[in-house]
Amino acid sequence: MIIGVLKEASPETRVSLTPEVTQALVKMGVQVWIAQGAGDSAFYPDAQYEAVGGKLVAPSALSEADILLTIHPENIPTTIKSNTILMGVFQPLFKAPLMKEWAGKGYTVFSLDTIPRSTRAQSMDVLSSQANIAGYKAVLLAASQYCRYFPMFMTAAGSIPPAKVVILGAGVAGLQAIATAKRLGAVIEVSDTRPAVKEEVMSLGAKFIEVEGAADASKAGGYAVEQTEEFQARQKARLAESVKKSDIIITTAQIPGRKAPVIITEEMVASMRPGSVIVDIAASTGGNVAGTKNNETVVVNGVTIIGNSNLAATAPADASKVYAKNVLNFLKLILDKDGNIALNFEDDIVKGTAIAHAGQIVNDRVATLLN
Ligand code: NAD
């Protein structure tokens with residue numbers, strides 16, 4: 001059985017499999033074929049894969065693989081076997097037609113961003129492992145762009161107040177952003193639609209911005225849900241006060257398969273003092289800030305708005321390390337002890353992550369979208 005590792009296209013810097021995980025798979029009896037240079041941008045050179053039993057091949061040779069690993073869907077070559085298993089982060093709710101095309105070609109598709117949010121699946125959750133890095137890097141990026149200090153200083157030349165940081169969304173990225181901003185000495189306020197996160201936010205030393213009446217997301221399998229217009233208006237009114245006083249905003253609020261809610265309006269951005277910085281991690285799905293441009297930095301009235309949803313790629317060595325560990329843990333569910341493919345769709349994680357199999361779309365939400 002051959003597992004093939006594709007080289008991601010620039011500007012992606014991560015790789016879906018590391019030498020460490022290659023070694024684990026080789027020990028299980030699997031052949032691991034790696035596209036030459038696949039790990040270069042993540043600082044895993046070819047020689048490290050070879051040293052642990054991986055085989056370096058030209059990209060065209062990967063069409064022989066039984067399982068193809070990638071991060072982005074755009075890298076999948078068109079000349080692969082009809083029963084190939086594809087694994088990556090395919091955003092199937094945004095790319096339903098591509099999923100249909102792949103189903104038609106007979107591929108079995110596992111999209112790791114749809115993994116169920118259960119305790120057992122935690123070690124395979126690529127959204128969490130990458131969001132953790134994104135939250136950390138968002139704060140570092142904001143701090144390096146900011147024209148003032150983050151921590152409070154009392155110096156002989158005068159005192160410096162601490163930076164005021166507002167964080168929207170206290171999921172994995174948001175919680176890591178709080179912890180990182182706290183370590184840098186900022187004063188932090190946080191908004192989330194899930195009242196359950198209030199305690200976590202407070203235990204990290206931040207203040208929770210209370211807004212009553214959010215839609216209940218407890219039955220959405222760990223993913224956020226859309227809010228009513230009435231709630232959004234109340235949230236905006238409450239946030240306006242905090243935003244006006246803030247120096248830094250980190251936004252992370254996303255809803256799977258939907259456009260991100262615009263929570264920071266143009267007026268709110270205009271109320272911030274020049275030199276303030278906003279990092280919008282939700283940029284790829286439209287952003288939480290009016291004025292965000294995906295993969296661009298714009299300056300509006302002196303406020304810098306950075307639209308970057310792929311901050312994990314700015315720490316490619318660790319991002320790839322944890323991504324590859326997630327992949328290994330998922331592979332263990334679909335391989336038997338001899339390293340052969342053994343798909344068990346009775347397993348809730350295998351079922352929940354499968355998008356296409358045996359010529360059919362097998363994910364209900366994608367099927368509904370296509371109908
Ligand atoms: P996410 O990326 O889907 O969303 C980020 C945060 O934004 C969420 O906390 C969400 O409630 C919040 N949000 C959405 N709309 C908002 C709005 N209009 N205003 C303010 N905030 C808004 O979330 P995530 O980081 O993937 O995690 C969501 C939850 O799932 C967390 O509690 C996390 O711990 C949990 N989780 C569980 C597992 C698991 O058990 N395997 C894995 C990952 C995450």
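For region 134-237, the share of DSSP beta bridges that are antiparallel, to the nearest 5, is 30%.
So which of Lys100/Lys332; Lys137/Lys259; Lys236/Lys351 end up more than 28 Å apart by C-alpha? Going by Cα-Cα distance, Lys236/Lys351 fall outside the 28 Å limit. Within the same chain, aspartates and glutamates fewer than 8 places from Lys325 are excluded, and of the rest, those with a Cα less than 17 Å from its Cα are Glu20, Asp113, Asp125.
Highest mobility in the GNM of the chain, judged by mean-square fluctuation with C-alpha springs under 10 Å and restricted to Ser276, Ser218, Ser309, is found for Ser218. Per residue, the accessible area of region 15-125 comes to 41 Å², computed with a 1.4 Å probe over protein heavy atoms only. Can you tally the net charge around Val190? Count Lys and Arg as +1, Asp and Glu as -1, for every other residue whose Cβ sits under 13 Å from the Cβ of Val190. It works out to a net charge of +1. Peptides 344-356, 74-86, 261-273, 168-180 ranked from most to least packed by the mean count of surrounding Cβ atoms within 10 Å: 168-180, 261-273, 344-356, 74-86. Of the beta bridges in region 144-191, as assigned by DSSP with both residues counted there, near 40 percent are antiparallel.
Taking the Cα centre of the chain as origin and assigning +1 to Lys and Arg Cβ atoms and -1 to Asp and Glu Cβ atoms, the resulting dipole is close to 480 debye.
Which residues does the label zone of Ala270 cover in region 296-318, counting backbone N under 16 Å from a point 7 Å along Cα→Cβ? In region 296-318, the label zone of Ala270 (backbone N under 16 Å from the point 7 Å along Cα→Cβ) covers 300-303.
Cross-link partners for Lys105 among the lysines, with Cα-Cα distance under 19 Å and sequence neighbours closer than 8 places in the same chain left out: Lys81, Lys95. Rounded to the nearest 0.05, the FRET efficiency derived from the C-beta distance between Leu370 and Lys259 at R0 = 25 Å is 0.85. When the charge dipole of region 15-77 is built from unit charges on Cβ atoms (+1 for Lys and Arg, -1 for Asp and Glu) and taken about the Cα centre, the candidate among Ile34, Gln48, Gln23 whose Cα reaches farthest toward its positive end is Gln23. Taken one residue at a time, the phi angles of region 92-107 give Karplus couplings (6.51, -1.76, 1.60, θ = phi - 60°) of x, 6, 9, 10, 4, x, 5, 4, 5, 4, 5, 4, x, 7, x, 6 Hz. Gly and Pro are set to x. Under 16 Å of direct C-alpha separation, and excluding same-chain neighbours fewer than eight residues apart, Lys244 reaches these aspartates and glutamates: Glu189, Glu266, Glu267.
Based on alpha-carbon centroids, what's the gap between region 240-318 and region 185-235 in Å, whole number please? Here the two parts' Cα centres lie 17 Å apart. Report the FRET efficiency, 1/(1 + (r/R0)^6), for Ala58 and Lys27, where r is their Cβ-Cβ distance and R0 is 35 Å, rounded to 0.05. It comes out at approximately 0.85.
The values are calculated or read from the model by the stated rules, or taken from the named source; none is laboratory data. Fair warning: this is a prediction, and the values are worked out from it, not measured in the lab. Here Cβ is always computed from backbone atoms with ideal geometry, including for glycine, and neighbour counts include all displayed protein chains. With ligands, DNA and RNA removed, areas are computed over all heavy atoms of the protein, side chains included. Shrake-Rupley method; radii C 1.70, N 1.55, O 1.52, S 1.80 Å.
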